[in-house]
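A.B. asks: My questions will all concern the structure given below.
The values are calculated or read from the model by the stated rules, or taken from the named source; none is laboratory data. The model shown is predicted, which means the values in this text are computed figures rather than measured ones. Virtual Cβ from ideal backbone geometry, glycine too; neighbours counted across all protein chains shown. Accessible surface areas use protein heavy atoms only, side chains included; no ligands, DNA or RNA. Shrake-Rupley method; radii C 1.70, N 1.55, O 1.52, S 1.80 Å.
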Amino acid sequence: MPRRAGASKRPLAVVLMSGGMDSCVTAAIARRTHDLALLHLSYGQRTEARERRAFRAIARHWGVTRTLVSRLDHLRAVGGSALTDPRRDAVHARRRGSPIPDTYVPFRNTHLLALAVSWAEVAGARRVYIGAVEEDSSGYPDCRAGYFEAFNRLIRLGTRPETRVAIVTPLLHLRKGDIVRRGLRLGAPLHLTWSCYTGRARACGRCESCRLRLKGFREAGAVDPIPYRR
């Protein structure tokens, strides 16, 4: 996807955009310095339709036309997660004998980042942004700093020498309250985002993702603008 004559001289960044709060704030950070190419990937998660709607609303809000929506259905076929198996409990989502919640999708970020890097290499982007959070999160193993350091080494080994793509994780060491404050300061459309692990019309307010999000708004002294079930 080469640049056309008259195109922006700002560098291009691919942003993995789930439609959730963290990825929205990440995109708001990236757009200060880059033109955006927004990538949304469904993988058979129970909230995929709602997340895709949030993604499209955010892209329209910012006027981003360079988007890619694709699917990784093999992650649902593999299973092993309450996000892709409707028979499992995504609200409480605790695994006996493990600190990792059952909403962990095995090795998910590797699949997402691989496609993001492929698109970045074709589009001429030098940065791939992802809204991973390590410090104040569910504790997923593929959201740790060491994981992204290793992935950046893999990119250097596995792409053309002139590609020079790097993964950027601007939220990695932030607490949820800091993420909310950053999003509000940058004018991120948080009212369009969706974080809940359930696919109902209103967020449940009880799953771990909702609880972390609500905690962030409380810490920031702000009101979450999305509707919750009472």
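A.B. asks: For all pairs of alpha-carbon atoms in segment 67-136, what percent lies in each bin of width 10 Å, listed from the first bin to the last filled one?
C.D. replies: Histogramming segment 67-136 at 10 Å steps yields 16, 40, 31, 12, 1 percent.
A.B. asks: Shifting gears a bit: Heavy-atom accessible area per residue, the chain, 1.4 Å probe: how many Å²?
C.D. replies: Averaged over the residues of the chain, the accessible area is 49 Å².
A.B. asks: Still on this structure: Please build a GNM for the chain, connecting alpha carbons under 10 Å apart, and tell me which residue among ARG95, ARG181, ARG126 fluctuates the most.
C.D. replies: ARG95
A.B. asks: Which net charge results when you count Lys and Arg as +1 and Asp and Glu as -1 among the other residues whose beta-carbon is under 14 Å from that of ASP102? Display every interim value, and only then the final one.
C.D. replies: Details: positive: ARG46, ARG87, ARG88, ARG94, ARG95, ARG96, ARG108; negative: ASP85, ASP89, GLU208.
Here the count lands on +4.
A.B. asks: Could I ask something else about it? Could you tally the net charge around VAL69, taking each other residue with its Cβ under 10 Å from the Cβ of VAL69, Lys/Arg +1 and Asp/Glu -1?
C.D. replies: +3
A.B. asks: Another question about this same structure. I need the phi-derived Karplus couplings for segment 213-220: 6.51 cos²θ - 1.76 cosθ + 1.60, θ = phi - 60°, integer Hz, Gly and Pro marked x.
C.D. replies: Running phi through 6.51 cos²θ - 1.76 cosθ + 1.60 with θ = phi - 60° gives 5, 4, 4, x, 5, 4, 4, 7 Hz.
A.B. asks: Let me ask another. List the extent of the Cα atoms of segment 42-105 along each of their three principal axes, largest first, rounded to whole Å.
C.D. replies: Projected onto the principal axes, the Cα atoms of segment 42-105 cover 46, 22, 18 Å.
A.B. asks: Would you please state the base-10 log of I(q)/I(0) at q = 0.12, 0.13, 0.14, 0.20 1/Å for segment 150-230, with intensities from the Debye formula using one equal scatterer on every alpha carbon?
C.D. replies: Debye curve over Cα of segment 150-230, log10 I(q)/I(0) at q = 0.12, 0.13, 0.14, 0.20 Å⁻¹: -0.50, -0.56, -0.61, -0.87.
A.B. asks: Could I have the simple spin-label model distance between LYS9 and ILE100, label points 7 Å from Cα toward Cβ, reported in nm to one decimal?
C.D. replies: Distance between the two pseudo-spin positions: 4.7 nm.
A.B. asks: From the mean inverse distance of alpha carbon pairs (Kirkwood) and the Cα radius of gyration, derive Rg over Rh for segment 100-155.
C.D. replies: With Rh from the inverse mean 1/r over Cα pairs, Rg/Rh is 0.99.
A.B. asks: Report the Stokes-Einstein translational diffusion coefficient (µm² s⁻¹, integer) for segment 94-230, Rh taken as the Kirkwood radius over Cα pairs, at 10 °C with viscosity 1.306 mPa s.
C.D. replies: Calculated translational D: 95 µm²/s.
A.B. asks: Right, something else. Rounded to a whole number, what % of the accessible area of segment 43-95 do carbon and sulfur atoms account for, probe 1.4 Å?
C.D. replies: 48
A.B. asks: So what are the ³J(HN,Hα) numbers for segment 175-184, from phi and the Karplus equation (6.51, -1.76, 1.60; θ = phi - 60°), rounded to whole Hz, Gly and Pro as x?
C.D. replies: Going residue by residue, I get 8, 4, x, 5, 5, 4, 4, 5, x, 5 Hz, with x marking Gly and Pro.
A.B. asks: If Rh is defined by the Kirkwood formula over all Cα pairs and Rg also comes from Cα, what ratio Rg/Rh do you get for the chain? Don't jump to the answer; show the numbers that get you there.
C.D. replies: Numbers: Rg = 17.1 Å, Rh = 18.0 Å.
Here Rg/Rh amounts to 0.95.
A.B. asks: Okay, next question. Just subtract the alpha-carbon distance of THR110 and ARG153 from 0.36 nm times their residue separation and send over the number in nm, one decimal.
C.D. replies: Values: separation 43, 0.36 × 43 = 15.48 nm, distance 1.31 nm.
Between THR110 and ARG153, full extension yields an extra 14.2 nm.
A.B. asks: Under a Cβ-only charge scheme (Lys and Arg +1, Asp and Glu -1), can you give me the dipole magnitude of segment 87-227 about the Cα centre, in debye to the nearest 20?
C.D. replies: Values: 25 positive and 13 negative charges, 58 e Å.
So the magnitude is around 280 debye.
A.B. asks: What FRET efficiency comes out for HIS173 versus VAL69 if R0 is 22 angstrom and r is the Cβ-Cβ distance? Round to the nearest 0.05.
C.D. replies: 0.15
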